[in-house]
Amino acid sequence: KDTVRYNTFRRCMGTVSLRHGDGSVVHDNFFLGDGKEGTGGVRIYARDHKIYNNYFEGLRGDTWDAAITLTNGDTDTGSKSAHWRIDNAIISHNTLVNNYSNIEIGYAKADNSWKKEPRNVTMANNLVVGNERDLIDIKTTPSNFTWSGNVMYPQNGIALGMEASENEINVVDPLLEFADGLWLLGSASPAIDAASTNYVEIVEDVQGQERIGVNDVGADEYSPATISRGPL
């Protein structure tokens, strides 16, 4: 079990990759690609991980290095060299803005040796805005995958990438405003107080502001409170 928190990853090629081991947590980090090729966010394998309250912007990686990457595995667990199947992960309250590839699910090697699709994953209360390719790229259909309370806004004629009900993914402009070097919720944003069930217990947003009442969707809570954390 590892915890990765309160970091700024700026112009870093590759990802934070939870390659082996179960039960790790990645929260309250800033992933800023600044348009550099090969920059990515978080890639996971194995069981019981929680990825929440992270901000991903301007990342240019894909396949292995999308902002959020859930590939297939080639074993369920235990092998020191194999890629353990993703199982029982929660990905919640993240903000993804203007990345080349935002969410990729189920990549398998060309020789079809990676056959174990992600399963028992919850993708909830995330905010995604993009304008270059489908916001969601499902390469292999996952099993028992829950979508809930997400807000996503494909721009410039691109697509969402899947069929979803409004309760799963509300396709609407989140009305973000650029402030202090970040894309944050504006006062009229439909993401305010719009989170569904809280799948993780969080008391602050990515900037250290208190979450009050019903959580806002994404990593930012619209608030006049003092900001205690920001990207380096």
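The values are calculated or read from the model by the stated rules, or taken from the named source; none is laboratory data. From a predicted model like this one, the values you see are computed outputs, not experimental measurements. FYI the Cβ positions are ideal-geometry reconstructions off the backbone, even for glycines, and counts take in every protein chain you see. We work out accessible area using only protein heavy atoms, side chains counted, and drop any ligands, DNA or RNA first. Shrake-Rupley method; radii C 1.70, N 1.55, O 1.52, S 1.80 Å.
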Per GNM of the chain with C-alpha springs under 10 angstrom, the most fluctuating residue out of THR122, THR197, THR77 is THR197
Just want the answer: with Cβ charges of +1 for Lys and Arg and -1 for Asp and Glu, which residue in ASN112, GLY61, PHE31 is farthest toward the dipole's positive end in the chain? ASN112
Quick one: 3J(HN,Hα) in Hz for region 214-221, Karplus 6.51/-1.76/1.60 with θ = phi - 60°, rounded, Gly and Pro as x. 6, 5, 6, 6, x, 7, 9, 9
Counting alpha carbon pairs within less than 8 Å and at least 6 residues apart, what relative contact order, in whole percent, applies to region 51-122? 43
For region 114-121, in residue order, the Karplus 3J(HN,Hα) values (coefficients 6.51, -1.76, 1.60; θ = phi - 60°; whole Hz; Gly and Pro = x) are 9, 10, 9, 5, x, 9, 6, 10
Please list, in order along region 166-174, the HN-Hα scalar couplings obtained from phi with the Karplus expression 6.51 cos²θ - 1.76 cosθ + 1.60 (θ = phi - 60°), rounded to whole Hz, x for Gly and Pro. 5, 5, 7, 9, 8, 8, 7, 5, x
Given (i) 26, 18, 17; (ii) 35, 20, 17; (iii) 40, 20, 16, the label whose value is semi-axes √(5λ) of the Cα gyration tensor in Å derived from this model: (i)
Which value, in debye to the nearest 20, gives the size of the charge dipole of the chain about its Cα centre, when Lys and Arg are +1 and Asp and Glu are -1 at the Cβ? 940
Given Cβ point charges of +1 (Lys, Arg) and -1 (Asp, Glu) and nothing else, what value in debye, to the nearest 20, does the dipole of region 62-194 about its Cα centre take? 520
Charge-dipole axis of region 75-220 as Lys and Arg at +1 and Asp and Glu at -1 on Cβ define it, positive-most pick from LEU185, VAL203, ILE169: ILE169
Which one of ASP193, ASP65, ASP28 has the biggest mean-square fluctuation once the chain is modelled by GNM with Cα springs under 10 Å? ASP193
If the only charges are +1 at each Lys and Arg Cβ and -1 at each Asp and Glu Cβ, what is the size of the charge dipole of region 114-188 around the Cα centre, to the nearest 20 debye? 480
List nothing, just return the count: lysine pairs in the chain, 8 or more apart or interchain, with Cα separation under 13 Å. 4
Counting only protein heavy atoms, what percent of the accessible surface of the chain is carbon or sulfur at a 1.4 Å probe? 45
Per the C-alpha gyration tensor (a ≥ b ≥ c, the square roots of its eigenvalues), region 1-105 is rounded if a/c is under 1.5, else prolate if a/b beats b/c, else oblate; here it's prolate
Over region 97-149, average the accessible area per residue using a 1.4 Å probe and give it in Å², no decimals. 38
